[in-house]
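Step one of this worksheet: look at the structure below.
The values are calculated or read from the model by the stated rules, or taken from the named source; none is laboratory data. Just so you know, these numbers come straight off a predicted model, no measurement behind them. Cβ atoms come from the backbone with ideal geometry, glycine included; neighbour counts cover every protein chain shown. With ligands, DNA and RNA removed, areas are computed over all heavy atoms of the protein, side chains included. Shrake-Rupley method; radii C 1.70, N 1.55, O 1.52, S 1.80 Å.
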Amino acid sequence: MHNITVRPAWREDVRPALALALRVFMLHSAPLYTRKAVRHFRKTLKEKEAIRGYESGKTPMFVARDGGKLIGMAAAGARRADKISLLYVDPAYHRRGVATALMDALIAAMGAPELTLGSSSHGVPFYLNYGFVPTDAEQHRHGAIWTPMAYTVPVTIRPAWPGDVRPALDFAQRIFEAYVLPGFGPPARERLGLHRDSEEQIQAYLEGRWAMFVAVAGERVVGMVCERDGCHIRKLYVDGAWRRRGIATGLMDAIIRHMGARRITLNSSRYALGFYLKYGFRPTDAEQNQDGFIYTPMVYDKGA
């Protein structure tokens, strides 16, 4: 892939990319389909709503180019955020990593923890190698043939790199505003900026004086946790779509192992209280309300 690039489709890429998809489909899949099924596939590629979604960027589409030549494309479904609709590569560029690069980019952009697709017979070996698994036997319906498959996006929990720090803190702010802030009183909601980190605090993470761990799916941050002074956890946030997958627990395990203190403290919102109690934290005082900021002080004894 020396001269091959993969990037989000620009508006002018969309129709040529769909034309490429049709050419490759006609070569590999159409011979196994009935004429009615082929006509239906052609029709789906011309749906105006789907095309508008790709052209506006609302529905993810990626293209692969060799210099000025379009050689591959991948796109999400127009109606479901967790479905991959199209993946086609010029046959002259097969077995050169183009399909894998397109899938990597598309999956990262879609942001869903689990993805589905219907694979042609020709595509099944690739998807199996990528990590998809069949969810049913090969289907034969209305003249079309496909195998339903699913993929669970792997999550890596690791110490934050310098380039992760600001995006992770921005991510935490978004989750805080969506899930935690509504439970606070009016004075706190009016002083939203107080939850944001100062430049001095950001430097503490960048320089490694305070620790931060991130949960990453592809190149996407889906969770983060950070501490200060080796004894106090400041933030723990997980993307709503990725909850109940053990990510919060994994992040807590990682940062508690890293922290040197035997007694670790935090202030829990009402939203997170159940998780912390289950993890092993215990309240050290009644719920506090400081100018609308509502929290419960808690402590965790390592080794207890």
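Would you call ALA211 in contact with a helix residue (DSSP H, G or I) (Cβ under 6 Å, 6 or more places away or on another chain), touching a residue at least 40 places away in the same chain (Cβ under 8 Å), open to solvent by less than 40 Å² (accessible area, probe 1.4 Å) and farther than 29 Å from ALA105 by Cβ?
Numbers: in contact with a helix residue (DSSP H, G or I) (Cβ under 6 Å, 6 or more places away or on another chain): yes; touching a residue at least 40 places away in the same chain (Cβ under 8 Å): yes; open to solvent by less than 40 Å² (accessible area, probe 1.4 Å): yes; farther than 29 Å from ALA105 by Cβ: yes.
Yes, satisfied.
Is it fair to say ARG234 is open to solvent by 10 Å² or more (accessible area, probe 1.4 Å), touching a residue at least 24 places away in the same chain (Cβ under 8 Å) and either part of a loop (DSSP other than H, G, I, E, B) or among the acidic types (Asp, Glu) (or both)? Quick ask: steps written out before the conclusion?
Working: open to solvent by 10 Å² or more (accessible area, probe 1.4 Å): yes; touching a residue at least 24 places away in the same chain (Cβ under 8 Å): yes; either part of a loop (DSSP other than H, G, I, E, B) or among the acidic types (Asp, Glu) (or both): no.
When the stated conditions are applied, ARG234 does not pass them.
Quick check on my filter: what residues within the range 33-52 are outside any loop (DSSP other than H, G, I, E, B) and either under 19 Å from TYR127 (Cα atoms) or of a type in the set (Ser, Thr, Tyr) (or both)? Break it down into steps so the answer makes sense when it comes.
Initially, the range 33-52 is screened for residues outside any loop (DSSP other than H, G, I, E, B), giving 35-44, 48-52.
Result: THR44, single match.
For (1) more than 30 Å from THR152 (Cα to Cα); (2) within 26 Å of the chain's Cα centre (by Cα); (3) at pLDDT below 95; (4) not acidic (Asp, Glu), each residue gets a yes or a no:
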| position | (1), (2), (3), (4) |
| --- | --- |
| VAL238 | no, yes, no, yes |
| ALA241 | no, yes, yes, yes |
| MET252 | no, yes, no, yes |
| ARG263 | yes, no, no, yes |
| ASN267 | yes, no, no, yes |
| TYR276 | no, yes, no, yes |
| ALA286 | yes, no, no, yes |
| PHE293 | yes, no, yes, yes |
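From the set of residues in the range 257-271 that are without any contact (Cβ under 8 Å) to a residue 40 or more places away in the chain and open to solvent by less than 30 Å² (accessible area, probe 1.4 Å), which is nearest to VAL225 (Cα to Cα)? Lay out the reasoning, then the answer.
To start, the set of residues in the range 257-271 that are without any contact (Cβ under 8 Å) to a residue 40 or more places away in the chain comprises 257, 260, 263-268.
Imposing the further condition that a residue be open to solvent by less than 30 Å² (accessible area, probe 1.4 Å) reduces the set to 264, 266, 268.
Values: ILE264: 14, LEU266: 12, SER268: 13 Å.
Ranking the qualifying residues of the range 257-271, first place goes to LEU266.
Evaluate the range 53-60: report whether one residue or more is surrounded by fewer than 19 Cβ atoms within 10 Å (Cβ to Cβ) and part of a helix (DSSP H, G or I). Break it down stepwise before answering.
Within the range 53-60, the subset surrounded by fewer than 19 Cβ atoms within 10 Å (Cβ to Cβ) is 55-58.
Filter again for part of a helix (DSSP H, G or I), leaving 55-56.
Looking for residues that are surrounded by fewer than 19 Cβ atoms within 10 Å (Cβ to Cβ) and part of a helix (DSSP H, G or I), one finds at least one in the range 53-60, hence yes.
Looking at the range 74-92 only, could you name the residues that are within 13 Å of ARG7 (Cα to Cα) and open to solvent by 10 Å² or more (accessible area, probe 1.4 Å)? Break it down into steps so the answer makes sense when it comes.
If we filter the range 74-92 for residues that are within 13 Å of ARG7 (Cα to Cα), which is where we start, we get 74-75.
The answer is none; no residue qualifies.
Does the range 287-296 contain any residue that is open to solvent by 20 Å² or more (accessible area, probe 1.4 Å), assigned to a strand (DSSP E or B) and touching a Lys or Arg at 6+ places or on another chain (Cβ under 9 Å)? Break it down into steps so the answer makes sense when it comes.
Of the residues in the range 287-296, the ones open to solvent by 20 Å² or more (accessible area, probe 1.4 Å) are 287-291, 293, 295.
After this cut, where a residue has to be assigned to a strand (DSSP E or B) as well, the list is 288-290, 293, 295.
With touching a Lys or Arg at 6+ places or on another chain (Cβ under 9 Å) added as a condition, the list becomes 293, 295.
Within the range 287-296, one or more residues are open to solvent by 20 Å² or more (accessible area, probe 1.4 Å), assigned to a strand (DSSP E or B) and touching a Lys or Arg at 6+ places or on another chain (Cβ under 9 Å).
If we scan the range 177-197, do we find a residue that is over 24 Å from the mean Cα position of the chain (by Cα), at pLDDT 95 or above and surrounded by 15 or more Cβ atoms within 10 Å (Cβ to Cβ)?
Looking for residues that are over 24 Å from the mean Cα position of the chain (by Cα), at pLDDT 95 or above and surrounded by 15 or more Cβ atoms within 10 Å (Cβ to Cβ), one finds none in the range 177-197, hence no.
If ARG220 satisfies every condition in (1) closer than 25 Å to VAL299 by Cβ; (2) open to solvent by 20 Å² or more (accessible area, probe 1.4 Å); (3) not small (Gly, Ala, Ser) but one, which is the exception?
(1)
Specify the residue that is least open to solvent (accessible area, probe 1.4 Å); the eligible residues are those in the range 147-174 that are under 22 Å from ILE256 (Cα atoms) and of a type in the set (Val, Ile, Thr).
VAL165
Which of the residues belonging to the range 250-286 are among the basic types (Lys, Arg) and part of a loop (DSSP other than H, G, I, E, B)? Full working, then the answer.
Initially, the range 250-286 is screened for residues among the basic types (Lys, Arg), giving 257, 262-263, 270, 278, 282.
ARG262, ARG270, listed by residue number.
The rows are residues; the columns are (1) of a type outside the set (Asp, Glu); (2) at pLDDT 95 or above; (3) open to solvent by less than 30 Å² (accessible area, probe 1.4 Å).
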| site | (1), (2), (3) |
| --- | --- |
| GLY72 | yes, yes, yes |
| GLY111 | yes, no, yes |
| GLY118 | yes, yes, no |
| PHE126 | yes, yes, no |
